[in-house]
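Q: My questions all concern the structure below.
The values are calculated or read from the model by the stated rules, or taken from the named source; none is laboratory data. Bear in mind that the values here come from a model prediction, so they are computed numbers and not experimental data. All Cβ positions, even for glycine, are placed from backbone atoms using ideal geometry, and neighbour counts span all protein chains on display. Ligands, DNA and RNA are excluded from the accessible area calculation, which covers all protein heavy atoms including side chains. Shrake-Rupley method; radii C 1.70, N 1.55, O 1.52, S 1.80 Å.
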Amino acid sequence: MSSKEAGWFVDNFTVSPVPSNTYHTPSPILKVQASGTLVSSSDGSSEAVTITANDGYGNSQSCTFSVTLSDNESPVALCQNYTLVLNSSGVGTLTAANINNGSFDNCGIDTLYLDYYNVTCADIGPNTVTLTAIDVNGNIGFCTATVTVIDDVAPTIICGNDVYDTLVGNS
């Protein structure tokens, strides 16, 4: 089966003729219908597909079989490195969108999340984060990125008034 935008299609397959008795050679099968049949069921559900074989002499036979779809393919998680600049309070927040670099899945991604989001002055420098991608059928993919945390806010100092002191000497 192959993936298409609207669902799954039954790929080409081979049908072998079976003689009905030992006295006749079977006619070659000229046409089999079912290749290209759209199967639009969701993961784990079954859909009936009917094939019909025609020998070109007006004889045909059909059979029906079930196609059960199963998504066993993990999403492809794609990460990009990111630089986060802390705010004046010395904190910053990462999002999955900061790290995601076009992650994808054959059935669609349900959730993207990081292993941590809140960054402080304690994280200044390079840090490794993991992006987790979960598809609509529960399959999981991972990737890692480097988040470089920068503190570019100059410190502020508040000075008081000038202090004057009078020295009194002892005589």
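Q: Before we move on, is VAL163 farther than 28 Å from GLY92 by Cα, open to solvent by 50 Å² or more (accessible area, probe 1.4 Å) and in contact with a strand residue (DSSP E or B) (Cβ under 6 Å, 6 or more places away or on another chain)?
A: When the stated conditions are applied, VAL163 does not pass them.
Q: Yes or no: THR128 within 40 Å of the chain's Cα centre (by Cα) and among the polar types (S, T, N, Q)?
A: Spelling it out, THR128 is indeed within 40 Å of the chain's Cα centre (by Cα) and among the polar types (S, T, N, Q).
Q: State whether one or more residues within the range 139-153 are assigned to a loop (DSSP other than H, G, I, E, B) and without any contact (Cβ under 8 Å) to a residue 60 or more places away in the chain.
A: no
Q: Kindly provide the set of residues from the range 103-116 that are within 25 Å of ILE150 (Cβ to Cβ) and either among the β-branched types (Val, Ile, Thr) or modelled with pLDDT of 95 or more (or both), ordered by number. Talk me through it step by step, then tell me what you get.
A: Applying the first criterion (within 25 Å of ILE150 (Cβ to Cβ)) to the range 103-116 yields 112-116.
Once the filter is applied, which keeps residues that are within 25 Å of ILE150 (Cβ to Cβ) and either among the β-branched types (Val, Ile, Thr) or modelled with pLDDT of 95 or more (or both), the range 103-116 yields LEU112, TYR113, LEU114, ASP115.
Q: Would you call ASN72 polar (S, T, N, Q), out of contact with any Phe, Trp or Tyr (no Cβ under 9 Å at 6 or more places or on another chain), farther than 13 Å from ILE150 by Cα and surrounded by fewer than 11 Cβ atoms within 10 Å (Cβ to Cβ)?
A: Working: polar (S, T, N, Q): yes; out of contact with any Phe, Trp or Tyr (no Cβ under 9 Å at 6 or more places or on another chain): yes; farther than 13 Å from ILE150 by Cα: yes; surrounded by fewer than 11 Cβ atoms within 10 Å (Cβ to Cβ): yes.
Yes: the conditions hold for ASN72.
Q: Among the residues of the range 102-111, count how many are open to solvent by 50 Å² or more (accessible area, probe 1.4 Å) and in contact (Cβ under 8 Å) with a residue 40 or more places away in the chain.
A: Residues that pass the stated criteria total 2.
Q: Same structure again: Across the range 77-134, what is the total count of residues that are among the acidic types (Asp, Glu), under 26 Å from ASP152 (Cα atoms) and assigned to a loop (DSSP other than H, G, I, E, B)? If you could, list the steps in order and put the result at the bottom.
A: Going through the range 77-134, the residues among the acidic types (Asp, Glu) turn out to be 105, 110, 115, 123.
After this cut, where a residue has to be under 26 Å from ASP152 (Cα atoms) as well, the list is 115, 123.
Then drop every residue that is not assigned to a loop (DSSP other than H, G, I, E, B), which leaves 115.
Counting residues in the range 77-134 that are among the acidic types (Asp, Glu), under 26 Å from ASP152 (Cα atoms) and assigned to a loop (DSSP other than H, G, I, E, B) gives 1.
Q: Here is a further query. Sort out which residues of the range 132-156 are within 21 Å of VAL91 (Cβ to Cβ) and among the hydrophobic types (A, V, I, L, M, F, W, C), and write them in order of number.
A: ALA145, VAL147, VAL149, ILE150, VAL153, ALA154
Q: Can you name every residue in the range 60-93 that is within 20 Å of LEU131 (Cα to Cα) and among the aromatic types (Phe, Trp, Tyr)?
A: TYR82
Q: I would also like to ask the following. So which residues in the range 66-76 are among the hydrophobic types (A, V, I, L, M, F, W, C) and outside any strand (DSSP E or B)?
A: Residues of the range 66-76 that are among the hydrophobic types (A, V, I, L, M, F, W, C), as a first pass: 67, 69, 76.
Matches in the range 66-76: LEU69 only.
Q: Mind telling me which of the residues VAL18, VAL32 ends up being open to solvent by 80 Å² or more (accessible area, probe 1.4 Å), aliphatic (A, V, I, L, M), farther than 30 Å from ASP151 by Cβ and modelled with pLDDT under 70?
A: VAL18
Q: Would you be able to tell me the number of residues in the range 63-95 that are polar (S, T, N, Q) and under 20 Å from TYR113 (Cβ atoms)?
A: So the answer is 5.
Q: Here is a further query. Answer yes if at least one residue in the range 112-133 is open to solvent by 90 Å² or more (accessible area, probe 1.4 Å) and either touching a residue at least 60 places away in the same chain (Cβ under 8 Å) or under 27 Å from SER46 (Cβ atoms) (or both), and no otherwise.
A: No, every residue in the range 112-133 fails to be open to solvent by 90 Å² or more (accessible area, probe 1.4 Å) and either touching a residue at least 60 places away in the same chain (Cβ under 8 Å) or under 27 Å from SER46 (Cβ atoms) (or both).
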